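Step one of this worksheet: look at the structure below.
The values are calculated or read from the model by the stated rules, or taken from the named source; none is laboratory data. The shown structure was predicted, so the numbers you read here are calculated from the model rather than taken from an experiment. We place every Cβ from the backbone using ideal geometry, glycine too, and count neighbours over all the protein chains shown.
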Amino acid sequence: MKKVKDMMTRKVITVDKKSDVRSVSKLMDENGIGSVIVTDGGKAAGMVTERDVITKCVAKGLDPKRTRVEQIMSAPLLSVEPDSDVVDAARLMVSKMIRRLPVIKNGELKGMITTTDMIRDVVSKGKRKEDSLIYIVCDYEKF
């Protein structure tokens, strides 16, 4: 069975919880990513996604330059360990309707696994990308 560590992204961008939403949004844009991990004292404390920026800041009329990411982050973090089975990570993502999971071991952020990582892996094995989410949702266990 494939492990999360075999598929995860190892380079994860983190920001301090006191960072403002505007600078974090710019950082996400510059790096072509849809989320960052928010840290508190160097430890992963939450996550901010593009959706968080839109629904918890912009749509509420908050000033992104004055709003700290700790005010809009999703917390507590749901996470998996590097040695977790990919199928278990996929089940968790589907059951919680999330697309990203931090990978944490002994309190240390090791990476991130996303639905995109899972789809990319399925497609690389010759499966049609249209079918890839079906494989994940239906507990297809041959990632």
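Confirm whether Glu70 is of a type in the set (Asp, Glu), surrounded by 15 or more Cβ atoms within 10 Å (Cβ to Cβ) and not in a loop (DSSP other than H, G, I, E, B). Answer is yes for this residue. When Arg22, Arg51, Arg91 are checked against the criterion of being free of Cβ contacts under 8 Å to residues at least 60 places away in the same chain, of a type in the set (Lys, Arg), assigned to a helix (DSSP H, G or I) and surrounded by 15 or more Cβ atoms within 10 Å (Cβ to Cβ), a single residue qualifies: Arg22.
In the set (1) modelled with pLDDT of 95 or more; (2) closer than 25 Å to Asp121 by Cα; (3) among the acidic types (Asp, Glu), the condition left unmet by Asp85 is number (1). Restricting attention to segment 40-84, the residues that are under 15 Å from Arg100 (Cβ atoms) and not aliphatic (A, V, I, L, M) total 9.
Residues considered: Arg68, Arg99. Of these, the only one that is charged (D, E, K, R) and more than 24 Å from Arg10 (Cβ to Cβ) is Arg68.
The set of residues from segment 45-64 being small (Gly, Ala, Ser) and either over 12 Å from the mean Cα position of the chain (by Cα) or closer than 15 Å to Ser23 by Cβ (or both) comprises Ala45, Ala59, Gly61. Taking the conditions exactly as written (among the small types (Gly, Ala, Ser) and either under 17 Å from Met118 (Cα atoms) or in contact with a Pro (Cβ under 8 Å, 6 or more places away or on another chain) (or both)), does Ala59 satisfy them or not? Criteria not met by Ala59. Only a single criterion out of (1) closer than 21 Å to Leu27 by Cβ; (2) modelled with pLDDT of 90 or more is not satisfied by Thr116, namely (2). Scanning segment 1-15 for residues that are in contact with a helix residue (DSSP H, G or I) (Cβ under 8 Å, 6 or more places away or on another chain) and either over 14 Å from Pro64 (Cβ atoms) or among the polar types (S, T, N, Q) (or both) yields a total of 9. For segment 25-48, the set of residues classified as charged (D, E, K, R) and either surrounded by 19 or more Cβ atoms within 10 Å (Cβ to Cβ) or under 18 Å from Lys105 (Cα atoms) (or both) consists of Asp40, Lys43, listed by residue number. Any residue that is over 23 Å from Asp40 (Cα atoms) and not hydroxyl-bearing (Ser, Thr, Tyr) - is there at least one of those in segment 63-80? Among the residues of segment 63-80, not one is over 23 Å from Asp40 (Cα atoms) and not hydroxyl-bearing (Ser, Thr, Tyr), which makes the answer no.
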